[in-house]
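Reviewing the structure listed below.
The values are calculated or read from the model by the stated rules, or taken from the named source; none is laboratory data. If you're wondering where the values come from, they're calculated on a predicted model, not measured in any experiment. With ideal geometry, Cβ positions are generated from the backbone for all residues, glycine too; neighbour counts draw on all protein chains shown.
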Amino acid sequence: MTALLSIRDLSVRYRQDGVDVTALKGISLDVEASERLAIIGESGSGKSTLALAAAGLLAGSAKIDGRIDWFLPANAGAKAPPSVLPDISPSRGEIGSSVADALLATSKIGEGGDHKPISPQEGEMSRRTERGATERRLSVIGEIQAPLLGRDIGFVFQDPSSSLDPVMPIGEQIAEVARTHLGLTWPEAYAKAKTLLDRVHLPDPEATLGAYPHQLSGGQKQRVAIAAAIAAGPKLLIADEATSALDTIVQAEIVSLIRRLVAEDGMTLVFISHDIALAATLASRIAVLRHGELVEFGKTHQIIDAPRHAYTRTLLDAHLGLDAEPLLDRQGASA
Amino acid sequence: MSRLSRFFRTPEAIAGALVLALLVVMALTAPLLFPGDPQAIAGPALLPPFQTWSLPLGTDRLGRDVLPELFHGARTSLAVGLAAAAAALLIGAAVGTLAGFAGGLIDEVLMRITDAFQTVPSFLLALAFVSIVGPSLGVVIGAIALGAWTGPARVARAEVLSIRERDYVAGARVIGMHPLEIAFREVLPNALPPVLALSSVIVAAAILTEAALSFLGLGDPNRVTWGGMIAEGRAVLRTAPYLSIFPGIALVLTVLGVYLAGEGVVEGNAVRRSLS
Amino acid sequence: MTVLAVSNLAKRYRRGGKPFAAVDDVSFEIGPAETLALAGPSGSGKSTIARLVLRLLEPDAGRIEFEGADFLALSGAALRARRARLQMVFQDPLAAFNPRATVARVLDDPLRIHGIASRAERPRRIAALLERVGLGADLAARAIHEISGGQRQRVAIARAIATQPSLIVLDEAVSALDVSVRGQILELLLDLQRQERIAYLFISHDLGVIRAVAHRVVILDAGRAVESGVARAVIGNPQSAIGKALVAATPKLNRTTRP
């Protein structure tokens, strides 16, 4: 297996009301290309911070230590106009020059597969000047592009109402992503948007193109958000509690939609959830986070059937499935 | 403490606070520094400023000392500005809360009354009110409040309409709380911050309205006012411009100070909200 | 004897000019110390029923009989007094309290409004309530926003039981909680039910939770009751289309080894 994303000793601290809050402590994990990885944890576990860090979406005030390395296929960035890249890039397009030379060579002679490290995110992303010059042996190489949100990473948030623009038609919101990252003209982008709405199984894609978010149900809005997230054909899809605000039936539909899209496009999936049972139905590997630390990481069947950490067992035992012994009986109470 | 430090983070807020502090000191010390009637004749008429130690800012047409007049004028400006703004905010918040919370007919009636007040220019309203009832400090305050409560009422109503639908209001109904207690204890305090953000604008407008009324001779005749002083000086504007310039400067600084300090409070609150 | 009897309840709204029925001819009964669950997808009308039963909304048709009397006939002071016996716990414990409130104030309100304890006696009653829901009495002085979500939901339960109700409506009361906290809150609710003989109208979209705590279940779809019966039997073998869909959609942990 080849890694798409390698996270090493990642720590994130926020300052909140004058107190330092540690959201992540020394997280190391690899996301392998084309795998379905679930990150689970309860509130305050840092699972969303991890997703945001991977997508380069953390607030500028967050203090980040450690590194995030990407290994994107060489042609991933070719579609986008270079001019938009340096500013939006989560890692500011910086790359170790020696590494880059080697890999440029690699890509030229076509050896060693089609993967190369794109952007080692060095040290504190926001306050990088604190690092010594010796560590900053970095140079900007315009040709090689850092992973870009929207183009290389699709992100689906929990609340589709707040991730969609309320005053922009659905079609335009999706077409805009396709146009920006794929360099399409507006008519091409609209055609693409219609195809995408069809792919996420929205009824009557033609009519939905002109609809506004408030005219859709919660589940439909989440389908639109997914369509926008995959519009530019990203390598990685991150779904951060994407089904938590939905009811059980719609949740199951969205999960099966995500599963199908990921399989069809060969995307890598990072599925963030508080629900271990839901994560288990979708993921091939599960990472369990608690209080900002990675307590257990392994294949789904191992986590479910032979959890090593007591906390994982607690989560499993707390799950109220349709086969569990009802609490009513355990209490011995009956009407 | 931390709220105070956030307030003082912007230089504008500090400048505003300094000006306001100076104004308050002037108003509070006026009877101590200048006891007796500030309108009493103190020396020769139309003495220019910076001539004698005893009359540092000179005298007006009747030989009254300008400096004590300025200090006592600060008292009037501050008292009228704060009292009128407080009255306007109180009436506005109460009307807005009742309209928003009760809804239906009560809302309709209260908001049409608000419309009626809002369509009449507030200065004309104050002018008419004072001309009919007669000038005195209380009437001037009432007249200014009469034209200023509609803004707070609208803001309070809009805020209450959104708060009314929140779970905690439903929760208060479930435990059997009286509707009036819900409106004024649960809803109003949470609707206040955006209403209070209007206060600096209202205080500044009230001070200017008071000055304008006094300028037109509709201020309380028994009190020194900056507007009255400017009106006094107008007759000798060519020969003794300082008589209009000093109270004019005082007025400009005061209004500016109120605005800046108000902005500081609003920004401090915004920072606090974004943090929480 | 029943605590709550709802018959032919209906509530219509207009959406986009067209009338639509949020609740359409729904009837059910709840006995003392019984938990009746309302299950269904979003938009099925379960939360609307909760609000109708609590008189937060007025129905267009139907009858609500609470403790043997016509609950819809009450108004004003009589209704407010009767509310002591019929309480509610909301989904989001943060939104359910005045953001300026302290724990003590939240618990003081029902005791004061219903004249349950004198002013001097109330602090002691508040401490007892906190203890009853598994919290320390020292929590009383804290602001609502300072305590954790699980603690908040315990405070919400303490407020609900302060007036010694016979029925508590739990509107998705455990849906927003972490799973480890959820178990403890459910245990607390069951314990209260056993000790104080409180009936619950338990609203949830999660059949796993319903199966764990409810005696009976009514499955709703588009405002109509499509299926009802003993919770375990209905969930074990649903007959209605929506019941089958809900069961199929519930995530299952296929653990081969069990603790």
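See the values below:
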quantity: Matching entry among C:Glu29, C:Glu34 (being within 14 Å of chain A (Cβ to nearest Cβ), at negative phi and crowded, with 20+ Cβ neighbours inside 10 Å); calculated: C:Glu34
quantity: Helices (runs of 4 or more DSSP H) contained entirely in the range A:240-313, each with at least 2 residues that are within 14 Å of another protein chain (Cβ to nearest Cβ), without any contact (Cβ under 8 Å) to a residue 12 or more places away in the chain and over 21 Å from A:Leu196 (Cβ atoms); calculated: A:248-265, A:300-305
quantity: Residue among C:Gln153, C:Gln164 that is under 22 Å from C:Ile49 (Cα atoms) and among the polar types (S, T, N, Q); calculated: C:Gln153
quantity: Failed criterion for C:Ala21 (all others in (1) touching a Leu at 6+ places or on another chain (Cβ under 8 Å); (2) farther than 21 Å from C:Glu67 by Cα; (3) in a strand (DSSP E or B); (4) not basic (Lys, Arg) hold); calculated: (1)
quantity: Filter pass, A:Gly233 being more than 14 Å from chain C (Cβ to nearest Cβ) and either in a helix (DSSP H, G or I) or surrounded by fewer than 21 Cβ atoms within 10 Å (Cβ to Cβ) (or both); calculated: yes
quantity: Selection count, the range C:83-109, where residues are within 7 Å of chain B (Cβ to nearest Cβ), of a type in the set (A, V, I, L, M) and surrounded by fewer than 18 Cβ atoms within 10 Å (Cβ to Cβ); calculated: 1
quantity: Pairs, first without any contact (Cβ under 8 Å) to a residue 12 or more places away in the chain and surrounded by 15 or more Cβ atoms within 10 Å (Cβ to Cβ) in the range C:132-161, second β-branched (Val, Ile, Thr) and in a helix (DSSP H, G or I), C-beta under 8 Å, six or more apart; calculated: C:Ala137/C:Ile126
quantity: Candidates A:Asp198, A:Asp240 - the one that is acidic (Asp, Glu) and either at pLDDT below 90 or under 23 Å from C:Pro41 (Cα atoms) (or both); calculated: A:Asp240
quantity: Total residues in the range C:130-143, condition more than 20 Å from the chain's Cα centre (by Cα), in a helix (DSSP H, G or I) and within 22 Å of C:Gly183 (Cα to Cα); calculated: 2
quantity: The range C:110-129, subset of a type outside the set (Ser, Thr, Tyr) and outside any helix (DSSP H, G or I), residue farthest from the other protein chains (Cβ to nearest Cβ); calculated: C:Ala120
quantity: Set B:Ala145, B:Ala158: member being part of a helix (DSSP H, G or I), in contact (Cβ under 8 Å) with a residue 40 or more places away in the chain and surrounded by 20 or more Cβ atoms within 10 Å (Cβ to Cβ); calculated: B:Ala145
quantity: Those residues of the range C:179-210 which are among the charged types (D, E, K, R) and either crowded, with 19+ Cβ neighbours inside 10 Å or in contact with a Pro (Cβ under 6 Å, 6 or more places away or on another chain) (or both), in sequence order; calculated: C:Arg182, C:Arg197, C:Asp206
quantity: Close pairs (8 angstrom Cβ cut-off, 6 or more residues apart or separate chains): under 15 Å from B:Arg166 (Cα atoms) in the range C:95-117, assigned to a loop (DSSP other than H, G, I, E, B) anywhere; calculated: C:Ala95/B:Arg166; C:Ala96/C:Phe90
quantity: In the range C:196-208, the residues that are closer than 22 Å to C:Ala158 by Cβ, in contact with a helix residue (DSSP H, G or I) (Cβ under 7 Å, 6 or more places away or on another chain) and within 10 Å of chain A (Cβ to nearest Cβ); calculated: C:Ser204
quantity: Members of the range A:4-28 that are within 16 Å of A:Ile286 (Cα to Cα) and surrounded by fewer than 18 Cβ atoms within 10 Å (Cβ to Cβ); calculated: A:Ser6, A:Ser28
quantity: Residue that is surrounded by fewer than 21 Cβ atoms within 10 Å (Cβ to Cβ) and among the hydroxyl-bearing types (Ser, Thr, Tyr), where the choices are A:Thr243, A:Thr248, A:Thr300; calculated: A:Thr300
quantity: Test result for B:Gly176, more than 30 Å from C:Phe71 (Cβ to Cβ), in contact with a helix residue (DSSP H, G or I) (Cβ under 6 Å, 6 or more places away or on another chain) and not aromatic (Phe, Trp, Tyr); calculated: no
quantity: Residue check for C:Leu253: touching a Gly at 6+ places or on another chain (Cβ under 8 Å), part of a loop (DSSP other than H, G, I, E, B), surrounded by 17 or more Cβ atoms within 10 Å (Cβ to Cβ) and facing chain A (nearest Cβ under 7 Å); calculated: yes
quantity: Residues located in the range C:130-171, provided they are facing another protein chain (nearest Cβ under 10 Å) and acidic (Asp, Glu); calculated: C:Asp171
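Yes/no matrix, rows are residues, columns are (1) more than 26 Å from C:Asp191 (Cα to Cα); (2) out of contact with any strand residue (DSSP E or B) (no Cβ under 6 Å at 6 or more places or on another chain):
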residue	(1), (2)
C:Leu54	no, no
C:Ala77	yes, yes
C:Arg100	yes, yes
C:Asp108	no, yes
C:Ala117	no, yes
C:Leu129	no, yes
C:Val133	no, yes
